[in-house]
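Here is the structure we will look at.
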Amino acid sequence: MRFLKFILFFIVLQLSAQQGGMWIPSLLEGMNEDEMQSLGSKLTAQDIYDVNNSSLKDAIGHFNGGCTSEVISPKGLLLTNHHCGFSQIQSHSSLENDYLKDGFWAMSLEEEIPNEGLYVEFIVRIEDVTDAMLAGVTDAMSPREKQSKIDINRNGVVKATQKEAWQGIKIRPFYKGNQYYLFVTERFDDVRLVGAPPSSIGKFGSDTDNWVWPRHTGDFSMFRIYADKNNRPAKYSKDNVPYTPKHFLPVSLDGIAEGDFTMVFGFPGRTNEYLPAVAVEQITQKLNPSNIAIREAALKVIDANMKADDQIRIQYASKQARIANAWKKWIGENLGIEKSGAVAIKREFESEFVKALKAQGKTEEYGNLLPEFDRLYAEFESVNVKRNNFIEVFIRTNELMQMMFRLAQMEMAGSRGDAAFEKARGSMVSRLKGIHKNYNAKVDRGVFESVMPLYAKTYDASIYDQTAFTNLDSALKLLEGDAATVIKRLNEDAAYTYAKPMVQEFYNTLEPQFQQINTEINALQTTYMKALMEVMPEERYFPDANSTLRVTYGKVNGYAPRDAVYYNPVTYLDGVIEKYVPGDYEFDVPQKLRDLYEAKDYGQYADSNGKLPICFLGTNHTTGGNSGSPAIDAEGNLVGLNFDRVWEGTMSDIYYDPEICRNIMVDLRYVLFIVDKYAGATHLIDEMKLVHPKK
């Protein structure tokens, strides 16, 4: 298979499989609409995206800027993943009310819990503003000059855009800066927790099953959007009322079967499908292995302490999940890149690009691109690896070093005057309080002893006995006084004096070098993207993910991960019981769920074979940010909730292979079963519109 070669076999359309892509919903008419319908969809492009009438896009919300969610009732009931709502569930948990362990269900509107800082954002409309954004930008300009001109143009575009007072505007680059689209948004800041299953359901399989198939996780949680009396966005108020959406998704009770059409609608975070082969080699052979080692060392310490202490389990649940998620993803990404032969395929594609340049007489214009990539990535390697390792140690895994990193920023702010220092100190106080809410110095010291040798030649764990920052009270006391006093005390602190030289190296050496080379690489990537689309127009190019609203479509399909092995595309509750290990933090199963299984008390949620479906696979091209995205059937009904990818296919962020790339979705019948039969929250079921499209 050639890189980026998406071929439709029109003679056998009914047998063809969609070959990847994350498409802009306002541009589906034509090729995308035809392809979706060839795969079984009965939806039109207008059903999916319409500015003047209610459409599917009006039910899709960006959940707190990182996940996706969807409205599933006329009263603003919101569905997303359990792991997307995890920090909210955790923040309301305590030893007395352990919602992580026991779950939570509001049995009335009054019991729904507000969440400070949580928001959901909808897209009102999308506009192509490429011409306005690139007006006056020329090839003769340096990257900095181009960006300066684009920033000036951006201000003009924003001022000229018509919108309501409560609406927002975002402008994002596409195709590596060769196109720009504007998004008018509505953001709702009063979002309340409605329900979440216990982690033994919502996180069943935990780290062992993360990124792998077969999967048996009920990864969902429920929230509700509240608005003011005019149904407009508003900050939290007791007077707010449930939001009445422009559109909500009906829920299908008929589920899915292999070969059924599926569409995943959401906000994928970031992909890099058009990287040259040399970049993929650096990521998989240098960058990923070093970062994997750091996270693995941290996880060994955290996991052991969480298993030994319930208080630590609650404190570190969200942190552990965040660290483990990327760690395992990078491992799978490397395996997938190797298995698919992605680097060799990209090199073959690059050879075809060079041939096309010669054939079209454009070697002088674009012939330097690939050699320049080789040169720049050779310069980039050492600084790229060390900078990423610094971020892993000082920001992602070790909290004392994270505090030191932020404190160094505060000291640097002090050089800009008292006002800047006071602002930085205020932010630092808030950050310290946030960290110490779920901080354990013993655990953090263990992490320090494990990860620091992977970054620094020397380290001394005794700084934990000498620093003020392992205790919130002493940390806040050190920050009292004028700027000079605070900075003097700070530079006498053992942890700070240890970390400061490395933070200074980061800011004075690593970051400037990284930004300089990365700016050159990004500018080259923009030209490369332009050249590809100009020289090889017969190829099919979808824009990389950039946290904007996208549609990806495909079918329910199993796959063969290795020789003589085939994975069926659906799992059942039987598999949960097969994996059950009493008392195990990953594979314990609540007694009530076991009782319902023994009685086969599945209500109206059983499959036609009498079994209860849990999860299913699709060929949809997804990434981080698609967590919580709805899986929508051929008629526009909700059939699943996207939450993961298979391990062998996590490399789809860099290279999509339709043979092994699969996304994993919770079957909505399992969601309804848990809400109804397990939790007894039948009032939530009554809110929804349940349909039988296949009958």
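Taking 18 Å as the straight-line reach from the Cα of Lys42, the lysines in range (excluding those fewer than 8 positions away in the same chain) are Lys57, Lys555, Lys694, Lys695.
Dipole magnitude for region 606-680: computed about the Cα centre from +1 point charges on Lys and Arg Cβ and -1 point charges on Asp and Glu Cβ, it is near 260 debye. When the Cα convex hull of region 579-626 is projected onto planes of every orientation, the mean area is 5.6 nm².
Volume per residue, Å³, of the convex hull around the alpha-carbon atoms of the chain? Don't jump to the answer; show the numbers that get you there.
Numbers: hull volume 120.5 nm³, N = 695.
Dividing the Cα hull volume of the chain by its residues yields 173 Å³.
Taking amide H positions as modeled 1.01 Å from N, with prolines and chain starts lacking one, the residues under 5 Å from Asp190 and 5 or more places away or on another chain are Tyr226, Ala234.
Beyond 30 Å, what share of the Cα-Cα pairs of region 277-535 is found? Please give it as a whole percent. Spell out each step's value before the answer.
On the way: 14113 of 33411 pairs.
Tail fraction, whole percent: 42.
Global dimensions of region 521-627 from alpha-carbon coordinates: Rg and Dmax equal 21.8, 63 Å. Its residue count N sets the reference 2.2 N^0.38 Å, and the alpha-carbon radius of gyration of region 271-413 equals 1.41 times that reference.
Among the cysteines of the chain, those whose beta-carbon sits 4.7 Å or more from every other cysteine beta-carbon are Cys615, Cys661. Is the shape of region 172-280 rounded, prolate or oblate, going by the alpha carbon gyration tensor and its root eigenvalues a ≥ b ≥ c, with a/c under 1.5 for rounded and a/b larger than b/c for prolate? Oblate, because a/c is 1.5 or more while a/b does not exceed b/c. Couplings for region 32-37, taken from phi via the Karplus curve 6.51 cos²θ - 1.76 cosθ + 1.60 with θ = phi - 60°, read 5, 4, 4, 5, 4, 5 Hz in order; Gly and Pro are left as x.
Here the spin labels are modelled as points 7 Å beyond Cα on the Cα-Cβ line, and at Gln360 and Thr161 they lie 3.2 nm apart.
In a solvent-free Debye calculation with one equal scatterer on each Cα, what is log10 I(q)/I(0) for region 592-695 at q = 0.18, 0.19, 0.20, 0.24 Å⁻¹, listed in the order of the q values? One equal scatterer on each Cα of region 592-695 leads to -0.94, -1.00, -1.06, -1.26.
Could you tell me the relative contact order of the chain? Use alpha-carbon pairs under 8 Å, at least six residues apart, and round to a whole percent. Mind dumping the intermediate values first?
Numbers: 1281 pairs, mean separation 170.8, N = 695.
Reported as a whole number, the value is 25 percent.
Every pair of different Cα atoms in region 448-556 enters the Kirkwood calculation, which places the hydrodynamic radius at 19.3 Å. With no solvent and one equal point scatterer per Cα, compute the Debye intensity ratio I(q)/I(0) for region 5-159 at 0.10, 0.12, 0.16 Å⁻¹ and report its log10, rounded to two decimals. With one equal scatterer per Cα and no solvent, log10 I(q)/I(0) is -0.66, -0.86, -1.06. Positive end of the dipole of region 121-188 (Cβ unit charges, origin at the Cα centre): among Ile171, Ser148, Thr130, the Cα lying farthest that way belongs to Ser148.
Our coupling estimate for region 522-538, obtained by passing each phi through the Karplus curve with A = 6.51, B = -1.76, C = 1.60 and θ = phi - 60°, is 5, 5, 5, 5, 4, 5, 4, 4, 4, 5, 4, 5, 7, 8, 10, x, 6 Hz, Gly and Pro reported as x. Size of region 121-188 from its Cα atoms: along the principal axes, largest to smallest, the extents are 42, 22, 17 Å. Projecting the Cα atoms of Ile654, Asn620, Tyr678 onto the charge dipole of the chain (Cβ charges, centred on the Cα centre) puts Ile654 farthest toward the positive pole. Of the trypsin sites (Lys or Arg not before Pro) found in region 407-460, the ones in coil according to DSSP and having at most 14 other Cβ atoms within 10 Å of their Cβ are Arg416, Lys457. Sparse packing (at most 16 other Cβ atoms within 10 Å of the Cβ) combined with a DSSP loop state is found for the following trypsin sites (Lys or Arg not before Pro) in region 26-98: Lys42.
Any read-out appearing in this document is the output of simple, stated calculations on the displayed coordinates, not a laboratory observation. In this text, all values refer to a predicted model and were calculated from it rather than measured experimentally. Neighbour counts are summed over all protein chains in view; Cβ atoms, including those assigned to glycine, are modelled from backbone coordinates with ideal geometry.
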